Each structure stands twice: as structure tokens, then as C-alpha cells.
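Asker: Structure below; questions to follow.
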Amino acid sequence: MIDRGFETERTVLRAFEPDDIAAVEDYLNDSDIVGRRYLPWTLRDGIPLSTSQVAGILDEWVKQKAGFALAVETKASGRLIGHAVCEWGWDPHCPSASVVIAPSQQRMRYGSEVLSLLLRFLFLETAAHTVTGWVASWNEPALRFAAARGLAEAGRMPRAGLRDGAYYEQVVFDLLRREWAGREGGRHAA
């Protein structure tokens with residue numbers, strides 16, 4: 001499905017390989033990300049992941065039928081610095097997208113470049129009419145990232161989980177195809 005154009009000026013998105021487990025485990029367990037990582041609902045935030053848990057996550061991503069998960073590596077070093085996940089299991093017209101970049105590589109525009117690439121792919125190559133993202137209400141950096149990239153808050157799911165003994169909400173963000181096309185200024189047909 002993704003055989004062309006899945007790179008930016010500074011990054012390449014590629015399939016995960018078996019020897020990526022250590023790099024993924026390293027950034028998912030970084031103290032700056034362990035409490036705000038995007039993971040399957042069955043794993044608890046705030047607790048370091050074992051090698052076998054990371055291997056299980058990668059295995060789930062590789063096997064998913066309605067979406068994809070790709071490793072993000074830099075062109076300059078060939079180092080894996082994060083991942084991107086797109087899923088559309090319940091509705092191919094409304095996929096979700098998420099990007100995770102290692103804390104040591106954040107605020108260098110890698111996440112923005114990767115998200116732009118995902119949006120371009122989803123709006124130009126699939127039936128998507130909107131792309132969504134889900135962020136825990138306590139995750140201020142992710143809330144700011146989504147808003148700064150043009151995603152609008154579309155709703156909230158109350159009592160989505162517990163953190164530090166209190167309920168938190170899942171904040172739903174979305175971007176409509178027409179909004180994306182308008183923002184792109186006619187550079188891409190929508």
C-alpha cells in the first residue's frame with residue numbers, strides 16, 4: 001500500500017524490523033514519555049515496558065489489517081527516532097493517526113513533518129474525509145501539538161481512565177479533508 005513517497009526531507013517512514021525492538025523500548029520507556037505514550041489500552045501508562053511487551057506491540061502493529069504502523073528514522077543517521085500509526089478499523093472514511101517521536105528528538109519538527117506526510121497520504125490516497133487523533137486531557141504537550149498542526153477539538157470522552165487517582169478525559173481532535181485542502185493552498189487536489 002505504501003510503496004512511494006513515504007519520506008520527508010529529513011525522515012524515512014519504513015516497516016518495522018525485528019532489530020527495532022531495543023530502540024522502540026528505549027524511547028517508550030524514556031522518563032519524559034513513559035506517562036504519555038500511545039499504547040494499546042491494555043497496558044498501563046507510567047509503568048516501564050518490558051522487551052516482550054514492546055515486541056508484542058510491534059507484532060500487533062505489523063499484523064493489523066485496517067491500517068499501518070511505520071518506524072520513523074532520520075535520513076542523516078539512519079537512527080530510529082519514533083513511529084507513526086494510522087488505523088481505520090471501524091470506518092475507512094475516518095482514520096486515526098498518531099505520531100510518537102523520542103524525547104531527545106522532539107521540538108526539531110520531525111513530528112510535524114511526519115504528521116503532514118500522514119495527512120497527505122490519508123487525504124490523497126484513501127477514502128478518508130476526516131482524520132482524527134485522541135489525546136489524554138492531561139497530556140499538555142500532545143494537546144498543544146495537535147492544535148498547532150490545525151487539528152480542531154471535536155469532542156471529549158469523560159472518565160476515559162484514571163491517572164494519579166483522578167479521572168481524565170480523552171480529547172478527540174479532527175481535521176476534515178476540505179480544511180486540509182484549504183490549508184494546503186491548492187498544492188494538492190482533494
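Asker: Calculate, for A152 and E7, the FRET efficiency according to 1/(1 + (r/R0)^6) with r their C-beta to C-beta distance and R0 35 Å; round to the nearest 0.05. Before the final figure, lay out each step's value.
Answerer: Values: r = 28 Å, r/R0 = 0.80.
The computed FRET efficiency comes out at 0.80.
Asker: What are the DSSP H helices in the chain that stretch 20 Å or more along their long axis, judged by alpha-carbon atoms, and whose average Kyte-Doolittle hydropathy comes to at least -0.5?
Answerer: The qualifying helices are 110-125.
Asker: Which whole-Hz ³J(HN,Hα) couplings does segment 87-104 yield from phi under the Karplus relation 6.51 cos²θ - 1.76 cosθ + 1.60, θ = phi - 60°, glycine and proline marked x?
Answerer: 9, 9, x, 8, 6, x, 7, 9, x, 10, 9, 9, 10, 10, 10, 3, x, 5
Asker: Spin-label point model (7 Å from Cα, Cβ direction): what's the M108 to Y167 distance in nm?
Answerer: Between M108 and Y167, the label points sit 4.1 nm apart.
Asker: Restricting attention to segment 119-190, which trypsin sites (Lys or Arg not before Pro) occupy a DSSP loop and are surrounded by at most 11 other Cβ atoms within 10 Å? Intermediate values should be presented prior to the final figure.
Answerer: On the way: sites: R120, R144, R149, R156, R159, R163, R177, R178, R183, R187; in loops: R149, R187.
Passing sites in segment 119-190 are R187.
Asker: Let me ask something else about it. Which value at 222 nm does the chain reach when only helices count, each DSSP H run of 4 or more adding -39,500 (n - 2.57), with the total divided by all residues and rounded to the nearest 500 deg cm²/dmol?
Answerer: Result for the chain, helices only: -8500 deg cm²/dmol.
Asker: Here's something else I'd like to know. Amide H neighbours of A128 under 5 Å, counting only residues 5+ apart in sequence or on other chains, H built in-plane at 1.01 Å?
Answerer: Here the answer is none, since no amide H 5 or more places off falls under 5 Å of that of A128.
Asker: Provide the per-residue ³J(HN,Hα) series for segment 127-138, in order, calculated from phi with Karplus coefficients 6.51, -1.76, 1.60 and θ = phi - 60°, each as a whole number of Hz, with x at glycine and proline positions.
Answerer: 7, 4, 10, 8, 10, 10, x, 10, 9, 5, 4, 7
Asker: Report the dimensions of the chain along its three principal axes from the alpha-carbon atoms, largest first, rounded to Å.
Answerer: Principal-axis extents of the chain (Cα, largest first): 45, 40, 32 Å.
Asker: Would you please state the base-10 log of I(q)/I(0) at q = 0.11, 0.18, 0.22 1/Å for segment 105-190, with intensities from the Debye formula using one equal scatterer on every alpha carbon?
Answerer: Rounded to two decimals, the profile gives -0.35, -0.82, -1.07.
No value in this document is a laboratory result; all are computed from the given coordinates. It should be emphasised that the depicted structure is a prediction, and the values quoted were computed from it without experimental measurement. All Cβ positions, glycine included, derive from the backbone under ideal geometry; neighbour counts span all protein chains shown.
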